[in-house]
Amino acid sequence: MADSEAAPAGEMELGAGWRPLVRAWAERSHYRSSEDDAAISLEFDLAGSDHPVTVRFMATRDLLVAFMTDGHILKPDQLALAAAASNAWNTEQLTPMLSVWDVRGPGPCLAGVCTLPLTCRMTHQQFGLLAAKWAEHARQMFTRCHRVFEL
């Protein structure tokens, strides 16, 4: 790689450095966090809700995935409304993608997902700005689902 093509100082590829990027952002943002072999989970309070938002960062083969939920289990009579809320959000906002999720959990819940390719290169500052936007979008998304759709 020629000097003119060299990455700026502090930039790292997400595939090799996503954990340090997430840890540093979580610490700067004062989010509660926990970590296991597969993921780093962050938690922050949502105004007007008893359910905190959890953002679980994990890597697939090709992507860094930020999975967001407020953990509220939907009742069977809320599923159609939750699907409508998801469609409305996705049509208007695009990010995070909102869906009704029911994988390995106690029941269906609303979940948002944001992704980045693991080949992406970012500095701590760039990642922090993007992750902060994702967290703000998650706040807006769940606040809207609670207030407008009463989910």
Item to check | Cα gyration tensor category, rounded, prolate or oblate, for the stretch 61-106 with a/c compared to 1.5 | outcome: oblate
Item to check | Fraction of accessible area attributable to carbon and sulfur, the chain (%, probe 1.4 Å) | outcome: 54 percent
Checklist entry - Pulled fully out, how much extra length does the chain show between THR91 and HIS124, if you take 0.36 nm times their separation in residues and subtract their Cα-Cα distance? => result 8.8 nm
Item to check | 1.4 Å probe accessible area per residue over the stretch 15-151, in Å² | outcome: 55 Å²
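With the cut-off at 1.5 for a/c, could you classify the stretch 1-92 from its C-alpha gyration tensor as rounded, prolate or oblate?
Numbers: a/c = 2.60, a/b = 1.86, b/c = 1.40.
Prolate.
Quote to one decimal, in nm, the extra length available between GLU35 and LYS75 on full extension: 0.36 nm per residue of separation minus the C-alpha distance between them.
Values: separation 40, 0.36 × 40 = 14.40 nm, distance 2.96 nm.
Full extension of this stretch gives 11.4 nm more.
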Checklist entry - Rounded to the nearest 10 Å², what accessible area does HIS51 show when all protein chains are kept and the probe is 1.4 Å? => result 70 Å²
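The values are calculated or read from the model by the stated rules, or taken from the named source; none is laboratory data. Predicted, not measured: the structure shown is a model, and the values here were computed from it. Surface areas here come from the heavy atoms of the whole protein model, side chains and all, with no ligands, DNA or RNA. Shrake-Rupley method; radii C 1.70, N 1.55, O 1.52, S 1.80 Å.
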